[in-house]
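Right, one structure below, let's go through it.
The values are calculated or read from the model by the stated rules, or taken from the named source; none is laboratory data. If you're wondering where the values come from, they're calculated on a predicted model, not measured in any experiment. Note that each Cβ is placed from the backbone with ideal geometry, even for glycine, and that neighbours are counted across all protein chains shown. All accessible areas refer to the heavy atoms of the entire protein, side chains included, with ligands and DNA or RNA removed. Shrake-Rupley method; radii C 1.70, N 1.55, O 1.52, S 1.80 Å.
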Amino acid sequence: MNVAVCAYGAGNVRSVVAAFRRLGADAAVTSSAADVAAADLAVLPGVGSAASAMAGLRDRDLDRALRERVGTGGATLGICLGLQLALEESEEDDGVVGLGILPGRAQRLREGRVPRIGWATVEPGGEAFYFAHSYAVETPAATARSEGVVAVAESGSFVGVQFHPEKSGAAGLRFLERCLSRV
């Protein structure tokens, strides 16, 4: 299984690659649009700001590659900021146009602790995952929640998660294994 982890200037790519390799996947960090298009699974991870992340995607032509990939049914996973970038827009950095893969927008968390950091249960399913974010997703594509916040959103071949499966121990590895099995 070939997994292309998008490198576009946002953090946490190495831990994502390591998690997929633990599952036996041939995972590599790449900034090549051709590699992303050809992979069995493309992963858009991210830790950082929406504006600089979108600029990094555009500079490497990964924005086009990801939209085309999802449009043709190519399995794609967005993690944390990667989920937020898949939306139409984010209010971060005075407003950022996203990839438009999912309808909706990312909004700053307005309740509870900000940033939201720690383990929380995702429903349905009841498993706990590790979260670290200051923005939350608002989308009709939501399929799971955690403490009132969208935890998973899906549309076609795209699955996005607000949590960090690569930092979520056994539950995270089980989730990533399910992503691989869908390919």
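In the range 88-114, what count of residues is obtained for those that are in a loop (DSSP other than H, G, I, E, B), open to solvent by 70 Å² or more (accessible area, probe 1.4 Å) and more than 21 Å from ALA132 (Cβ to Cβ)?
Filtering the range 88-114 down to residues in a loop (DSSP other than H, G, I, E, B) leaves 88, 91, 95, 98-104, 109-114.
Okay, now just the ones that are also open to solvent by 70 Å² or more (accessible area, probe 1.4 Å), so 88, 110-113.
Within this subset, residues satisfying the condition of being more than 21 Å from ALA132 (Cβ to Cβ) are 88.
Residues flagged as in a loop (DSSP other than H, G, I, E, B), open to solvent by 70 Å² or more (accessible area, probe 1.4 Å) and more than 21 Å from ALA132 (Cβ to Cβ) within the range 88-114 amount to 1.
Among the residues of the range 160-183, count how many are part of a loop (DSSP other than H, G, I, E, B) and open to solvent by less than 20 Å² (accessible area, probe 1.4 Å).
4
So, SER157, is that one within 22 Å of ARG116 (Cα to Cα) and surrounded by 16 or more Cβ atoms within 10 Å (Cβ to Cβ) or not? I'd like the intermediate steps shown before the answer.
Numbers: within 22 Å of ARG116 (Cα to Cα): no; surrounded by 16 or more Cβ atoms within 10 Å (Cβ to Cβ): yes.
Judged against the criteria, SER157 is not a match.
Please list, ordered by first then second residue, the pairs with beta carbon atoms under 6 Å, 6 or more apart or interchain, first in the range 86-109 and at positive phi, second open to solvent by 30 Å² or more (accessible area, probe 1.4 Å).
ASP93/SER49; ASP93/ALA51; GLY100/GLU88; GLY104/GLU138
Looking at the range 67-79, can you tell me whether even one residue there is of a type in the set (Asp, Glu), more than 20 Å from ALA153 (Cα to Cα), touching a residue at least 24 places away in the same chain (Cβ under 8 Å) and open to solvent by 30 Å² or more (accessible area, probe 1.4 Å)?
Scanning the range 67-79, I find no residue that is of a type in the set (Asp, Glu), more than 20 Å from ALA153 (Cα to Cα), touching a residue at least 24 places away in the same chain (Cβ under 8 Å) and open to solvent by 30 Å² or more (accessible area, probe 1.4 Å), so the answer is no.
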